[in-house]
1. Quick one: Cα convex hull volume of the stretch 195-286, Å³ per residue?
2. For the chain, set up a GNM with springs between Cα atoms under 10 Å and report which of 339, 305, 321 has the largest fluctuation.
3. Calculate the translational D of the stretch 104-203 in whole µm² s⁻¹ from Stokes-Einstein, where the hydrodynamic radius comes from the Kirkwood formula applied to all Cα pairs, the temperature is 37 °C and the viscosity 0.692 mPa s.
4. Return the subset of 83/403; 43/233; 198/233; 310/372; 205/372; 233/326 for which the Cα-Cα distance in this structure is over 24 Å, preserving the input order.
5. Which three extents, in angstrom, do the Cα atoms of the stretch 168-220 have along their principal axes, listed largest first?
6. At a threshold of 8 angstrom on Cα-Cα distance, excluding pairs fewer than six apart, so keeping six or more, what relative contact order does the stretch 19-78 reach in percent?
7. Which of the peptides 132-142, 151-161, 225-235, 258-268 is most tightly packed, and how do the rest follow, going by the mean number of other Cβ atoms within 10 Å of each residue?
8. Divide by every residue of the chain the summed helix terms, -39500 (n - 2.57) for each DSSP H run of at least 4, and state the resulting mean residue ellipticity at 222 nm, rounded to the nearest 500 deg cm²/dmol.
Amino acid sequence: MKNSTRNGIEAYVPLVGEPVVALIRKLAARLQGVRMLNINSTKKGGGVVEILGRLVPLARGLGIDMRWETIQGTRPFFATTKKMHNALQGNRVDFSEKELRYYEQVNRDNLDRIDMDVDYVIVHDPQPCPLVQYIPEGVPKIWRCHIDLSRPDRKLWHYLREWVKQYDASVFHISAFAQQLPHKQFLIPPSIDPHSVKNRPVPRKTVRTTLMRYGIDPQRPVILQVSRYDRFKDPIGVIEAFLMVRKHYNCQLVLAGEQAADDPEGAQVYEEVRAMADKHPDVHALMLSRENNHHKVNCLQRAATIIMQKSVKEGFGLTVTEGMWKARPVIAGAVGGITAQITEGLNGYLVNSVDGAAYRCRYLLTREKRMKEMGRAAKKTVLERFLITRHLRDYLAMLLAMKYPKHTAIEM
Ligand code: UDP
C-alpha cells in the first residue's frame, strides 16, 4: 500500500501512458474534498480487501476524501452472511426469520461506529447491505456487488433485493450479474495494482527462496492455485486434475490460501483439502500466515509454470488477473468474471470439468513456446483492461454521473 501512496498517480504513467492519467486527474479535480465512504465487512482477506486497500490510498492522494469502514459482526452473523454468499452464488440454502432478523440487528448495532456524515456511501456485498436504511437523506447510496449473481437463489434474492432497491445505484462486475432493479446499474470490473507488494517485480532468487521455504522443488514445474479455501474455488477438483496430470508429467501442485476473517467455512474446507494433499508428496496445501502474505503470494505466482483457478462460481477472480499480469498461462473455470478476463486459447484456457483442467495442463506443460505466448497475451489483457487506473477512472466517472444525473456529458 505504501508504495503507490508515496508515488501517487504519476507512478502509473510509464505503464498506462500520460493521457490515461491526465483523464483521471481531470475527473478527480471535479471531486476535490468529496467525502466518499466505503463500507464492507472485513479488512482481512479476499478480493474486496485487495481492491479497497489500493483504491482508497490512491484516491486520497488525488484529493478525494475516500474512507473505508468495516462493520463488526459475531460468528453467527458471519455464518449467516457466508450462507447468503453461497445462496447468491446459486446454492439452495434456507434462512430462518431469526437469522434474518439477527443479520439486520447486527447491522443496526454497527451504526454508532460509522460516521455517515459524508457525500457518498458505497456499501460492498450483502453483509452491510441493510445499512442503506440509515444513510442520511440526500446522500447518494451505491451498492457494490462483488459476487457472482448470475443465478442467485430466488428466495434469498427476493429478500435482499428489498434492501438493494433502496440504493440509488448498483455496481456489478459484468452484465451477466445485472438484475431487475429500479435504479441505475453500472458495470465496473475490478482491477489489480501493478505497484502493490502482490504484483510488483520480485528477484528470481527471492522467488526461489520462497519455494524452498515451503518445501517445493524449484527445479520441477509448479501448478498453482491461490484462493481462500472455499468450495466455490473447487480445491478438491484441482487436486483431482493434478493427480491425472501427475501420472504423465513430473510436476507439483501448490494450493495456497489464507483464512478470510468473514469466512467461517474456510477452516473446514482446508481440513478436507489437507487430508487429500497429505496422501501425495507433490501436493502442497499451504495455509499462508497473514505476515508478509502478499509478498508470498507474489513469489508463488511468479514461481508457477501454470496458474489454475478452477472456480465453479466466481465474482471476478483477482487471482486470475494477478496470474495473467505475471505473464503466466491461466487455466480457469468458465464462470462469472473469469469469462470477462480469459479469451479461450488466446490468453488462457477456460474449463468446465476436472478432465478439462487436466487436459489443458498436460497440453501446456509440453509446449513451452505456447505457454510463453499465452502469458504475454495475458499480461497485455490486464494492462489494457484490468489495472487500477481504469478502475479508478470508472469510479470517478460514476460518482460524477451520480452528482450530475441530468448531464449527458460533463465538461472537463
Ligand atoms: N489472497 C491472498 N492470500 C491468500 C489467498 C488469496 O492475498 O492466501 C488474495 C488473492 O491474491 C486475491 C484475493 O485474495 O488478490 C482474492 O480475490 P479473488 O477475487 O480471487 O477471490 P475472493 O476471495 O474475493 O472470492
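We did not get these values from a lab; they are worked out from the coordinates using the rules stated. Here the structure is a predicted model, which is why all the values come from computation and not from measurement. Cβ coordinates were reconstructed from backbone atoms using ideal geometry, including for glycine residues, and neighbour counts include every protein chain displayed.
1. Values: hull volume 10.3 nm³, N = 92.
Hull volume over Cα atoms, normalised by residue count, gives 112 Å³.
2. 339
3. Working: Rh = 15.1 Å.
Calculated translational D: 217 µm²/s.
4. Values: 83/403 35 Å; 43/233 21 Å; 198/233 20 Å; 310/372 21 Å; 205/372 21 Å; 233/326 21 Å.
In this structure, 83/403 exceed 24 Å between Cα atoms.
5. 55, 22, 14
6. Details: 60 pairs, mean separation 27.2, N = 60.
Here the relative contact order equals 45 percent.
7. Working: 132-142: 14.9, 151-161: 16.7, 225-235: 23.8, 258-268: 18.5.
The peptides rank, most packed first, as 225-235, 258-268, 151-161, 132-142.
8. Values: 16 runs with 178 residues, N = 412.
About -13000 deg cm²/dmol.
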